[in-house]
Amino acid sequence: MNYPYHYKNGRLFCEEVDIAEAAENMETPFYLYSSREIRHSCQIIREAGSPYHFKPFYALKANYNPALLKLIREEGFGADIVSGGELYFARRAGFVPEEIVFAGVGKTEQELRAALKEEIASINIESEAELLLLSRIAANLKQKTAIAIRINPDIDAQTHEYISTGLHSNKFGVDAESAMQLYRMAAADPWLEPEGIHMHIGSQIENGQPYVDAARFLLNFIERLAAEGIRISTVDLGGGIGINYEDPFEKPEKARTFTQHILNDYLAVFKNRSLKLFLEVGRSVVGSAGVLISRVIYTKTTPAKHFTIVDAAMNNLIRPSLYRAHHPIAAVRKETTAPVVTTDVVGPVCETGDFLARERALPALKEGDLIAVGGAGAYGQSLASLYNLRPMVAEYLVDGSSIRKISPALTPEELADRFEW
Ligand code: PLP
């Protein structure tokens with residue numbers, strides 16, 4: 001299937017929607033998502049899992065817009081949550097408890113209690129203290145619960161240090177020896193059912209090798225457990241599959257290239273094993289489906305640099321500031337005659353770290369021009385804030401030739417109403 005963002009006569013389309021034309025009636029900036037691309041990403045994941053006893057779960061943290069949640073649920077995904085808030089959103093979006101898994105190093109008593117009462121598919125334990133607390137709550141409620149222990153394999157996922165999670169220096173999971181001890185404790189506990197094992201080694205991983213190493217590590221550990229009589233039926237493989245943040249507008253064949261080859265290699269390690277495989281994916285489901293549309297406010301040249309100042313900022317898309325992440329940027333209306341300039345695309349926020357791109361060669365943009373920032377469907381709006389009292393912007397969903405608003409902007413005026421004045 002073709003990538004949904006493409007140019008027709010120099011105008012950028014999302015599926016059959018002419019973005020510049022649609023934007024005439026909208027306030028910028030806004031997020032725009034393609035339903036077709038989300039369905040396509042779901043299909044690739046389902047197909048890779050089809051030879052196995054496989055269930056994909058969508059990580060709500062990547063983007064929790066209810067319209068997207070419903071779409072992804074209809075594609076046969078469960079929900080991967082990390083907070084009581086995400087449990088609430090997952091349930092409201094119609095995910096059934098048997099298709100919800102819960103990870104996170106700091107689940108509170110209240111959150112564990114809520115997950116237990118809902119009887120979700122698995123609570124993924126990340127420390128001895130958490131295991132003891134869950135055991136107490138389960139005994140108190142006289143309710144059994146399925147659990148997995150999140151094991152930290154000390155494998156370098158070769159990604160940005162802030163989103164690497166499978167090293168012993170990271171806060172996540174427990175090392176193999178501690179995990180063994182926790183399984184023994186859980187196996188002896190009348191209220192805990194240690195059915196699964198969980199691992200998640202990081203995010204935006206582009207290379208299959210760390211996954212294959214991690215999978216072998218898991219299999220070896222499962223055999224050690226079996227030798228002690230502890231039988232695991234489910235392996236939660238985590239998520240973290242990277243997307244291609246290179247230019248999908250100019251080189252659509254390069255969009256979304258990592259999922260297939262990573263999953264094929266990763267899952268193949270479990271061939272001929274009678275294990276249920278769970279996958280928890282966020283970015284690879286929604287990342288390539290979204291763009292942030294923004295308008296140029298000013299351009300400015302200093303003795304050192306050229307700046308393109310746009311109306312979207314780090315409060316809308318923090319990934320460039322936080323991880324120095326690269327996002328492709330394209331003009332929504334391509335001027336073939338425009339000279340190329342090397343520019344910093346920056347927002348109005350009062351931080352030098354507020355930029356969407358640095359030293360980027362782009363056709364010269366002028367005031368009023370629209371830009372599309374690609375690869376913005378995941379960890380875009382879900383990491384947004386009202387910093388500098390700037391709104392969290394509206395979101396729109398395209399399906400074929402239709403476009404609909406799926407969330408209004410959250411404005412400083414609405415924030416103001418929560419305070420006493
Ligand atoms: N599972 C867990 C435990 C996570 O922490 C994350 C992300 O940080 C994910 C799944 C989803 O990762 P991604 O969006 O990179 O697929």
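We did not get these values from a lab; they are worked out from the coordinates using the rules stated. Being a predicted model, the structure only gives us computed values, none of them experimental. Positions of Cβ are generated from backbone atoms using ideal geometry, with glycine treated the same way; all protein chains shown enter the neighbour counts.
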Based on the Cα gyration tensor of segment 55-125, what are the three equivalent ellipsoid semi-axes, each the root of five times an eigenvalue, rounded to whole Å and given largest first? 19, 12, 10
In order through segment 50-60: 3J(HN,Hα) via Karplus (6.51 cos²θ - 1.76 cosθ + 1.60), integer Hz, x for Gly, Pro: 4, x, 10, 7, 10, 9, x, 10, 8, 7, 4
Here the gain from full extension of Ser83 to Gln110, 0.36 nm per residue of separation minus their alpha-carbon distance, amounts to 8.7 nm
I need the semi-axes of the equivalent ellipsoid of segment 35-285: take the C-alpha gyration tensor, multiply each eigenvalue by 5, square-root it, list largest first in whole angstrom. 28, 21, 16
Taking the C-alpha atoms of segment 46-95, convex hull volume expressed per residue in Å³: 74 Å³
Pairs Lys55/Lys117; Lys61/Lys251; Lys61/Lys117: which are spaced more than 25 Å apart, C-alpha to C-alpha? Lys61/Lys251
One can check that the equivalent ellipsoid of segment 306-411, built from the alpha-carbon gyration tensor with semi-axes equal to the square roots of five times its eigenvalues, has lengths in Å, largest first, of 22, 19, 12
What is the dipole size for segment 197-318, taken about its Cα centre, with +1 at each Lys and Arg Cβ and -1 at each Asp and Glu Cβ, in debye to the nearest 20? 80 debye
I'd like the FRET efficiency for Lys142 and Met185, computed as 1/(1 + (r/R0)^6) with the beta carbon distance as r and R0 of 22 Å, rounded to 0.05. 0.70
Cα-centred dipole magnitude for the chain, charges only on beta-carbon of K, R (+1) and D, E (-1), debye, nearest 20: 380 debye
For segment 124-210, taking Cα atoms only, what is the radius of gyration to one decimal and the Dmax to the nearest whole Å? 14.5, 45
Given just the C-alpha atoms of segment 367-410, how large is their convex hull per residue in cubic angstrom? 119 Å³
Loop sites in segment 98-206: GluC sites (Glu not before Pro), DSSP, at most 15 other Cβ within 10 Å: Glu119
For segment 351-421, which GluC sites (Glu not before Pro) are both in a DSSP coil and crowded by at most 16 other Cβ atoms within 10 Å? Glu351, Glu367, Glu420
Using Cα-only point scatterers and the Debye equation, what is log10 of I(q)/I(0) for the chain at each q in 0.06, 0.09, 0.10 Å⁻¹, rounded to two decimals? -0.26, -0.58, -0.71
If the viscosity is 1.567 mPa s and the temperature 4 °C, what translational diffusion coefficient in µm²/s does Stokes-Einstein give for segment 21-166 when Rh comes from Kirkwood over Cα pairs? 75 µm²/s
Can you give me the angle between helix 128-141 and the longest principal axis of the chain, using Cα atoms only, in degrees from 0 to 90, rounded to the nearest 10? 70 degrees
Please sort by residue number the trypsin sites (Lys or Arg not before Pro) in segment 81-152 whose DSSP state is loop and whose Cβ has at most 15 other Cβ atoms within 10 Å. Lys142, Lys144
Averaging sequence separations of C-alpha pairs under 8 Å and six or more residues apart, then dividing by the length of the chain, give the relative contact order as a whole percent. 20 percent
Hey, could you pull the Cα Rg and Dmax for segment 231-363, both in Å? 19.7, 67
Taking every alpha carbon pair in segment 93-159 and sorting the distances into 5 angstrom bins from 0 up to the bin holding the longest one, the percent per bin comes out as 3, 16, 28, 23, 13, 8, 6, 2, 0
